Amino acid sequence: MQLQLSTWQEVERYLETSTGIVIPIGSTEQHGPNGLIGTDALCPEVIARSLGEAVPAMIGPTISVGIAQHHLGFAGSMCLRPSTLIALIRDCVVSLSRHGFDRFFFLNGHGGNIATVGAAFAEIHSEISMLTRQTPRPLRCKLANWWDGQGVRKLQSELYGEDEGQHATCSEVSVTQYAFTEAIKRVNFDGRAPAYSGIHDADDYRRRYPDGRIGSLPSLSSPEHGKRFHDAAVADLGQIYRDFLSAA
Ligand code: NI
C-alpha cells in the first residue's frame, strides 16, 4: 500500500491494523558511466513497493536527496547538508506520528546516509527523552540498507566477487536495469574502477575516481541479475521488518 496512492480514509483504516510505515531514503548522485543518477533512491523505492505488497505494509514517499557532497564534482548530483536531512527526517516522523504511526522503517539505498539518519533518530529520541515531546506509545525508528541482508550479500559475492565494488556497484546497477529497462545504458569499460582510497570533498573525489565508480565493474550488471537482487532483498527485508514491528 502506498501512502501517496491512498486516501486519508484508507490510511485511517490501515492504522487500525498496523502502525508501521516503510520510508525509502536514497540519494540523487552520479553512479558512473552506466549508472542512473537516481540509483540510490530508485533501488529502495522499487524494493519497498514489493515489500509493501508482500508483508503487507504502508510505503511512504521516498526521500530521494541525501548526503552526497562528495559527488558534486559530477553533473546532476544533488545533496542535502547533514543538518537539513536531520530536520527533514525529524519533521516526516513527527507529522506521521500525529496520525498514530509509531514504527518507522527507513529503507536506505545510500551508504553515505547512514551516519546522518542515525543522528536524526538521536534528535527524535532526544525530544522524547527530554520530555519536550510526548508520544502515546513508544516510538521506534530503524534503518535497514536494502543490500545488507543475507540473500543479497550471498548473491553479490556469487555473481561479481571483488568486481561488485563500493560505488556504482554491479548489484545496484542491475536493480535499476531490471526496474527501468528503458533507461539501460550500453557502455564499454576498460576494467574495474580504482579501489577505495578515502574521500574528502567533491574535487578530491573526482581526482581519485575519475569516472565516478569506486572499485566496481558494472558492465557485468544485467536486468536478470536485478530481478534476483530485487527478490532476495524483498525476502531479506520482510523478515527484518516483521521483527522490527514485533519488538518492544
Ligand atoms: Ni549507490
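Amide H to amide H distances under 5 Å link ASN108 with ILE25, ALA144, ASN145, TRP146, where only residues 5 or more positions off or on other chains count and H is placed in the peptide plane. Kindly state, to the nearest 0.05, the FRET efficiency for ARG98 paired with TYR196, given R0 = 45 Å and r defined as their beta-carbon distance. With R0 = 45 Å, the Cβ-Cβ based efficiency is 0.60. In summary, the helical segments of the chain meeting the span-like criteria, namely a full DSSP H run, a Cα extent along the axis of 15 angstrom or more and a mean Kyte-Doolittle hydropathy of at least -0.5, are 39-54, 82-98, 114-129. Accessible surface comparison of LEU217, LEU51, probe 1.4 Å, protein chains only, largest first: the order is LEU217, LEU51.
By DSSP, the beta bridges lying fully in region 3-238 are antiparallel in about 10 percent of cases.
Across MET78, MET58, the residue with the most accessible area heads the list, and the full order at a 1.4 Å probe is MET78, MET58. From Cα pairs below 8 angstrom and at least 6 apart in sequence, can you work out the relative contact order of region 3-238, rounded to a whole percent? Worked out over region 3-238, it gives 24 percent. Under the convention that each Lys and Arg Cβ holds +1 and each Asp and Glu Cβ holds -1, the size of the dipole of the chain around its Cα centre is about 300 debye. Note on LYS154: lysines with a C-alpha under 17 Å away, same-chain residues under 8 apart excluded, are LYS227.
With Cα atoms as the point set, region 1-89 shows a radius of gyration and Dmax of 15.3, 47 Å. Only Cα sites of the chain enter the Debye sum here, all with the same form factor; the resulting log10 I(q)/I(0) across q = 0.15 1/Å is -1.04, listed in q order.
Compared with the alpha-carbon gap, the fully stretched path from GLU158 to ASP203 is longer by 12.8 nm at 0.36 nm per residue. The HN-Hα couplings worked out from phi for region 72-81 by the Karplus form 6.51 cos²θ - 1.76 cosθ + 1.60 (θ = phi - 60°) are 5, x, 10, 4, x, 6, 10, 8, 9, 5 Hz, whole numbers, x standing for Gly and Pro.
The values are calculated or read from the model by the stated rules, or taken from the named source; none is laboratory data. Everything numeric here is computed off the predicted structure, so don't read it as measured data. In this analysis, Cβ positions are derived from the backbone assuming ideal geometry, glycine residues included, and neighbour counts consider all displayed protein chains. Only protein heavy atoms, including side chains, enter the accessible area calculation; ligands, DNA and RNA are left aside. Shrake-Rupley method; radii C 1.70, N 1.55, O 1.52, S 1.80 Å.
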